[in-house]
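Structure, as C-alpha cells:
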Amino acid sequence: MSENLETVVKTVCEGTGNDKNRMMDIVRELQEILGGVSDDAMDLIATQVGTHRVEVESVVSFYAFLSKNQKGKTVIRLCDDIIDRMFGFERIKQTFCDALGIELGETTPDNLITLETTPCIGMCDQAPAIMVNDEIFTELSRDGAVEIVEQLRAGLAPERLRRRLGDGNNSSPLVSAGVSNNLRKRGEVIFAPLECGRALKKAIAMSPNEVIRDVKTARLRGRGGAGFPTGMKWDFTRSANGERKYVVCNADEGEPGTFKDRVVLTERPELLIEGMAIAGYAIGAQEGLIYLRAEYAYLRPFLEDTLQKARNMNMLGVDVLGKPGFNFDIRIQMGAGAYVCGEETALISSCEGLRGDPKNRPPFPAQKGYLGYPTSVNNVETFCCVARILDQGAGWFSQIGSKGSTGTKLLSISGDIRRPGVYEVPFGISMKEVLELAGGEGAAAVQVGGPSGQLIGPDMFDRIICYDDLATGGALMVFGPHRDLLKVVEYFMDFFIEESCGYCTPCRVGNVLLKNRLDEILHGKGEPLDLTYLEELGNSVKATSRCGLGQTSPNPILSSLKNFPGLYHALVKANQPFQPTFDIQKALGEAKEIAGRPSMHFAE
Amino acid sequence: MTKEQNRIMAKPKVATTSLAGCFGCHMSILDIDERILQLIELIEFDKSPINDIKEFTGECLVGIVEGGCANEENVRVLQDFRKHCKILISLGDCAINGGLPAMRNTIPLKECLDEAYLNGPSVYNPSGQIPNDPEIPLLLDKVYPCHEVVKMDYHLPGCPPSADTIWQTLVALLTDAPLELPYELIKYD
Ligand SMILES: Cc1cc2nc3c(=O)[nH]c(=O)nc-3n(C[C@H](O)[C@H](O)[C@H](O)COP(=O)(O)O)c2cc1C
Ligand code: SF4
Ligand code: SF4
Ligand code: FES
C-alpha cells in the first residue's frame with residue numbers, strides 16, 4: 001500500500017471532518033483524484049472515518065459514477081437513452097469507438113480515456129449529448145466527436161475543450177457550458193422577472209405558521225411527480241418532534257426526458273435558494289441540502305457562487321435578513337449517477353453517505369428523515385413556486401392554472417417536435433395545445449411523465465395536463481409515426497432493470513421477467529395469453545414493490561398494452577403446435593448428433 | 001361446458017399419461033380408492049395407463065399429464081394430448097418443474113449418457129455401446145416442464161399431489177363447481 005495513497009485518503013477524509021455521513025463526498029473526490037476507489041483505498045477510508053469496509057464498498061459499488069477499477073483520466077459518457085437513440089446515438093458511438101480504438105466499457109491502453117454509456121443526462125432537447133468528465137457536449141456531430149478525441153489526445157483538459165457556449169448563464173464564466181436553455185415559453189411563476197429577497201423578506205415578516213397557511217391557501221402541490229400538497233408536508237415536518245430539522249431540495253432530475261430543473265438551476269437559482277430559505281423558516285430548519293445529480297456537476301461552481309452571493313446579501317447565514325434567531329444555510333450534496341436516488345428516501349440515504357436504497361415508510365421523512373431528523377424533501381420547481389407565492393400572494397397563484405392544480409408547470413418536451421425545450425404553461429392546458437406550441441402536430445404518441453408515466457396516443461391528446469388527468473413531473477417525449485413504440489417500451493424496461501436498487505424481489509426479478517416476455521413477443525414468439533401474463537405480472541410488481549421505482553416500473557408495458565393493444569396483437573400468434581418459445585429441432589440437436597440418426601417423430 | 005350440457009351429452013372423457021415421471025402421480029390417482037366408482041359414474045377414461053387404452057378414441061374434456069418432457073416421444077404424446085383435450089392439467093412437480101429428471105439439466109447430454117452407460121461405478125457394459133436402436137426415442141437437450149412445450153391450463157403441485165386434491169379438482173371441473181382446496185391439501189411440508 002503506497003504511502004501516497006494513505007496521504008491522499010487521509011487528506012480527503014479530513015476534508016469532511018472524517019464524517020462517515022459524508023461518504024459520498026469522500027468517494028467522489030477520491031474517484032476524481034485516483035480514477036477509481038481501489039480495495040486498498042476502501043480499507044483506508046473505513047479506518048479513517050471509523051466505519052466498516054463493507055459500508056464503503058456498498059457505496060462504491062452502487063453508484064454508476066464510482067468504480068473500484070481504475071478508469072481513464074477522462075471518462076466519456078454517451079447518453080444512451082431513447083431520445084439519443086432517435087437522434088444519432090449509434091453514429092456517435094461508432095465514431096468514438098473508431099477514433100479511440102476501443103469498445104464501450106473499455107479504456108484506452110494508455111489509460112487516458114474510458115468510454116461508457118449512461119442513461120438520460122437531462123439534455124434530451126439537444127441530443128445526442130455526452131459528458132466528458134463533468135463537461136457536457138450536446139447536438140454532437142461526428143466531426144465534433146473526432147475533435148474531442150483529438151484535443152484530449154493533445155493533452156487538453158476536458159474543461160478546456162472547444163465548445164460553442166450556450167445562451168443565458170450557460171455562457172457565464174462559472175458555467176461556460178455548451179448547453180442551450182431552449183427556454184421556449186416563460187410563464188408568470190418560475191421564469192417571470194425576479195427581485196431577489198423580496199419573497200423572503202415578506203415571509204419572515206409573518207409567523208412560520210402563516211407562511212405554511214399561505215402555501216396551503218395557494219393549493220401548491222409538489223412538482224417532482226407525486227403531487228403531494230406542499231403546505232401539508234411542511235406542516236407535518238414543522239410539528240414533528242426533533243431537535244433539528246432539514247430542508248432538502250431534490251435536484252436529482254433523473255427521470256429520462258426531464259430537464260426543466262436544469263434550466264431553473266441555470267437561470268433561477270436565486271429563486272430556488274429563496275424558496276428553500278422560506279421553507280427553512282416555515283418548518284424551523286437551520287440547514288438545507290441541495291441534492292444535485294452528478295450529471296449536473298458542471299453547474300456546481302455556479303451554484304456555489306450563487307449561494308455565496310446569497311450569503312453576502314444575508315439571505316443565508318445568521319439572523320437572515322435581520323430576523324433575529326433565524327439562521328439558515330445550504331450545502332450542495334452531489335449524487336453519483338443513480339436514478340433511484342431521486343426517490344426521496346433513497347435520496348436521504350445517499351445524503352447520509354449510504355448506498356441509495358429507499359427506506360421503509362412509515363416513518364415518512366417528515367417524521368424521520370435525514371440523519372433521523374424531520375425533513376422536508378421538495379423538488380426544485382416546488383421551492384421556486386413557494387417563493388413566488390410568498391411574494392405575489394396565494395390568491396394570485398391559485399388563480400393561475402386549474403382548480404385542483406394551481407399555478408404553472410414546467411414541461412420538458414423532446415423527441416419528434418420542431419421546438420424541443422422547456423415550456424412554462426398553466427395547468428389545465430391540453431396535450432393538443434402543448435403539441436401545437438412545440439411543433440409536434442403529427443405526433444403518433446407521447447410518453448407523459450417519463451418511463452414511469454404513461455404512453456398515450458392521438459385519441460387522448462384532448463386530455464388535460466393537471467394532477468387529476470395527465471399528471472406529470474413534466475417530461476413529454478414525443479414520437480412521430482415512423483417510430484417503433486415497442487422499441488421504446490423495451491428500452492424503458494431495460495432502464496428500470498438497470499436502475500432497480502435490487503432490495504425487493506418484485507422489482508429486481510419482476511422487471512426482468514416482464515422484459516423477457518416482452519422480448520419473446522417482439523421476436524414473434526408470443527401467444528395471446530402472454531399479454532394476460534404481462535398484465536398480471538405487471539400489476540403484481542406494482543402492487544408489491546417497496547418504493548416508487550418498482551411501483552411504476554411496469555408502466556411502459558401496462559400503458560402501451562392499454563393504449564396501443566394493436567401493436568401487441570399484431571405480434572402474437574394463437575393456436576400454435578408448440579409454445580412459441582419451444583424449438584423442438586434445437587432441443588433434439590445434441591441427441592441427433594450423438595445418436596447419428598434423425599428424429600422419428602419430428603422431421604426437420 | 002355447462003352442467004346442462006354435461007347431463008345431456010355422453011359422459012365426458014378423461015385421459016391420463018405419464019411422461020418423464022415415476023408413476024407416483026398415477027398411484028395417487030388410484031389412491032382415491034373407492035371413490036373411483038363414483039368417478040366412473042361421472043366420466044369415462046380414454047387413453048390412459050389405468051385402462052391401457054393406447055390411442056385416443058375421441059375428444060376428451062380433461063387430460064392429466066404426469067412428468068415433464070425428457071425425450072421426443074414425450075413431446076409427441078404431449079402434443080397429442082393438447083390436440084385431443086379441452087383442458088390440460090400438469091399433475092405433480094415433474095410436470096410442473098421437470099422434477100427429479102431435470103437434475104440432468106445442468107449436465108451436457110453426452111456426459112449423462114457416458115455416465116449412465118460407460119463410466120458409472122456400477123455399470124457393466126463389456127461392448128462399450130450406448131443403446132441406439134431406432135426405436136429408442138431421442139432425448140431432448142434437457143427436461144422441459146410441460147407448459148414450456150405446449151399450453152397447459154392448470155397446475156396441481158405436489159410430489160405427488162394427494163388423492164384428495166386430485167379428487168376435489170376433478171369433481172370441481174366435472175360438475176362446474178368452484179374448486180375448494182383446504183389448507184391441508186396445499187401445504188407441502
Ligand atoms: C424512482 C423515483 C425517482 C424520482 N426522481 C425524482 C427527481 O428526480 N426529482 C424529484 O423532484 N422527485 C423525484 N421523485 C419524487 C420524490 O420521491 C419526491 O416525491 C419529491 O421529490 C417530493 O417533492 P415535491 O413534493 O416537491 O414534488 C422520484 C420518485 C421516484 C420513485
Ligand atoms: S421497488 Fe425497486 S428500487 Fe424500490 S426498493 Fe424495491 S428493488 Fe429497490
Ligand atoms: S411429481 Fe413426484 S410422484 Fe409425480 S411423477 Fe414426479 S416424482 Fe413421481
Ligand atoms: S439527455 Fe439523452 S435522453 Fe435525455
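The values are calculated or read from the model by the stated rules, or taken from the named source; none is laboratory data. Please read these numbers as outputs of a predicted model, since none were measured by experiment. Cβ: placed from backbone, ideal geometry, glycine included. Neighbour counts: every protein chain shown. To get the accessible areas, we keep the full protein, side chains included, count just its heavy atoms, and leave off ligands, DNA and RNA. Shrake-Rupley method; radii C 1.70, N 1.55, O 1.52, S 1.80 Å.
Scanning the range A:28-48 for residues that are surrounded by fewer than 21 Cβ atoms within 10 Å (Cβ to Cβ) and not in a loop (DSSP other than H, G, I, E, B) turns up A:E29, A:E32, A:I33, A:L34, A:D39, A:D40, A:D43, A:A46, A:T47, A:Q48. Suppose the filter is touching a Leu at 6+ places or on another chain (Cβ under 9 Å) and within 16 Å of ligand 2 (Cβ to nearest atom); does A:L571 pass it? Here the answer is no, as A:L571 does not meet what is asked.
Restricting attention to the range B:104-119, the residues that are more than 8 Å from every other protein chain (Cβ to nearest Cβ) and either part of a loop (DSSP other than H, G, I, E, B) or not β-branched (V, I, T) (or both) add up to 11. Can you spot a residue in the range A:347-361 that is closer than 26 Å to A:M131 by Cα, more than 16 Å from ligand 2 (Cβ to nearest atom), at pLDDT 95 or above and not in a helix (DSSP H, G or I)? Within the range A:347-361, one or more residues are closer than 26 Å to A:M131 by Cα, more than 16 Å from ligand 2 (Cβ to nearest atom), at pLDDT 95 or above and not in a helix (DSSP H, G or I).
Answer yes or no as to whether A:V572 is in contact with a strand residue (DSSP E or B) (Cβ under 7 Å, 6 or more places away or on another chain), touching a residue at least 40 places away in the same chain (Cβ under 8 Å) and hydrophobic (A, V, I, L, M, F, W, C). Criteria not met by A:V572. Scanning the range A:132-153 for residues that are touching a residue at least 60 places away in the same chain (Cβ under 8 Å) and closer than 19 Å to A:S414 by Cα returns a single hit, A:I136.
For the range A:172-195, give me each residue that is within 22 Å of A:Q399 (Cα to Cα) and open to solvent by 30 Å² or more (accessible area, probe 1.4 Å). First the steps, then the outcome.
Our first condition is that a residue be within 22 Å of A:Q399 (Cα to Cα); within the range A:172-195, this holds for A:185-195.
Scanning the range A:172-195 gives A:K185, A:R186, A:E188, A:P193, A:L194, A:E195.
Evaluation of A:L588 against the conditions (1) among the aliphatic types (A, V, I, L, M); (2) more than 9 Å from every other protein chain (Cβ to nearest Cβ); (3) in contact with a helix residue (DSSP H, G or I) (Cβ under 8 Å, 6 or more places away or on another chain) shows that the sole unmet condition is (2). Screening the range A:49-132 for helices (runs of 4 or more DSSP H) wholly inside it with 2 or more residues that are under 19 Å from the mean Cα position of the chain (by Cα), crowded, with 19+ Cβ neighbours inside 10 Å and away from ligand 3 (no atom under 16 Å from the Cβ) returns the ranges A:53-62, A:82-86. Report whether or not A:G474 is small (G, A, S), within 16 Å of ligand 2 (Cβ to nearest atom) and either surrounded by 23 or more Cβ atoms within 10 Å (Cβ to Cβ) or farther than 18 Å from A:G428 by Cα (or both). In short, no.
Summed over the range A:319-339, residues that are open to solvent by 10 Å² or more (accessible area, probe 1.4 Å), outside any helix (DSSP H, G or I), more than 22 Å from A:T237 (Cβ to Cβ) and more than 13 Å from ligand 1 (Cβ to nearest atom) total 2. Taken over the range B:86-97, the criterion of being over 9 Å from B:G67 (Cα atoms) and in contact with a Leu (Cβ under 7 Å, 6 or more places away or on another chain) is satisfied by B:K86, B:I87, B:I89.
Restricted to the range A:362-408, and to residues that are in contact with a helix residue (DSSP H, G or I) (Cβ under 8 Å, 6 or more places away or on another chain) and of a type in the set (D, E, K, R), which residue is farthest from ligand 2 (Cβ to nearest atom)? Checking each candidate, the answer is A:D391. Can you tell me which residue within the range B:79-120, out of those that are β-branched (V, I, T) and within 16 Å of ligand 3 (Cβ to nearest atom), is least open to solvent (accessible area, probe 1.4 Å)? That would be B:I89.
In the condition set (1) touching a residue at least 60 places away in the same chain (Cβ under 8 Å); (2) within 14 Å of chain B (Cβ to nearest Cβ); (3) under 30 Å from A:E343 (Cβ atoms), A:Y533 is compliant with all but (1).
Taking the criterion of being more than 10 Å from ligand 4 (Cβ to nearest atom) and either farther than 20 Å from A:D167 by Cβ or hydroxyl-bearing (S, T, Y) (or both), the only residue of the range A:255-270 that qualifies is A:T266. For the range A:241-248, does any single residue satisfy the condition of being within 11 Å of ligand 1 (Cβ to nearest atom), over 17 Å from A:P208 (Cα atoms) and surrounded by 22 or more Cβ atoms within 10 Å (Cβ to Cβ)? Scanning the range A:241-248, I find at least one residue that is within 11 Å of ligand 1 (Cβ to nearest atom), over 17 Å from A:P208 (Cα atoms) and surrounded by 22 or more Cβ atoms within 10 Å (Cβ to Cβ), so the answer is yes. So for the range B:20-28 (the condition being more than 29 Å from A:D583 (Cα to Cα), modelled with pLDDT of 95 or more, more than 16 Å from ligand 2 (Cβ to nearest atom) and more than 11 Å from the chain's Cα centre (by Cα)), does at least one residue qualify? Yes, the range B:20-28 contains at least one residue that is more than 29 Å from A:D583 (Cα to Cα), modelled with pLDDT of 95 or more, more than 16 Å from ligand 2 (Cβ to nearest atom) and more than 11 Å from the chain's Cα centre (by Cα).
Matching residues to (1) more than 10 Å from chain A (Cβ to nearest Cβ); (2) not in a loop (DSSP other than H, G, I, E, B):
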{"site": "B:P134", "(1), (2)": "no, no"}
{"site": "B:P137", "(1), (2)": "no, no"}
{"site": "B:H147", "(1), (2)": "no, yes"}
{"site": "B:C159", "(1), (2)": "yes, no"}
{"site": "B:T165", "(1), (2)": "yes, yes"}
{"site": "B:A172", "(1), (2)": "yes, yes"}
{"site": "B:L181", "(1), (2)": "yes, no"}
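Considering (1) away from ligand 1 (no atom under 16 Å from the Cβ); (2) open to solvent by 10 Å² or more (accessible area, probe 1.4 Å), the lone condition that A:G342 does not fulfil carries the number (1).
Of the listed requirements (1) out of contact with any Lys or Arg (no Cβ under 8 Å at 6 or more places or on another chain); (2) loosely packed, with under 13 Cβ neighbours inside 10 Å; (3) away from chain A (no Cβ under 12 Å), B:G58 misses just one: (1). For B:S122, the conditions (1) outside any loop (DSSP other than H, G, I, E, B); (2) over 15 Å from the mean Cα position of the chain (by Cα) all hold with the exception of (1). Scanning the range B:77-91 for residues that are at the interface with another protein chain (Cβ under 10 Å from one of its Cβ atoms) and over 13 Å from the mean Cα position of the chain (by Cα) turns up just one, B:K83. Among the residues of the range A:566-604, those that are in a loop (DSSP other than H, G, I, E, B) and more than 48 Å from the chain's Cα centre (by Cα) comprise A:G596, A:R597, A:P598, A:S599, A:M600, A:H601, A:F602, A:A603, A:E604. Here A:Q576 passes the criteria (1) closer than 24 Å to A:P458 by Cβ; (2) within 14 Å of chain B (Cβ to nearest Cβ) except the one numbered (1). Select from the range A:491-530 the residues that are farther than 30 Å from A:T382 by Cα, away from every other protein chain (no Cβ under 14 Å), of a type in the set (G, A, S) and in contact with a helix residue (DSSP H, G or I) (Cβ under 9 Å, 6 or more places away or on another chain) and list them in ascending order. A:G510 - this is the single residue of the range A:491-530 that is farther than 30 Å from A:T382 by Cα, away from every other protein chain (no Cβ under 14 Å), of a type in the set (G, A, S) and in contact with a helix residue (DSSP H, G or I) (Cβ under 9 Å, 6 or more places away or on another chain). Within the range A:159-198, being more than 26 Å from A:I400 (Cβ to Cβ) and of a type in the set (K, R) holds for A:R160, A:R162, A:R163, A:R164. When each of A:R219, A:R213, A:R223, A:R198 is tested for being surrounded by 24 or more Cβ atoms within 10 Å (Cβ to Cβ) and more than 16 Å from ligand 4 (Cβ to nearest atom), the lone residue that passes is A:R223.
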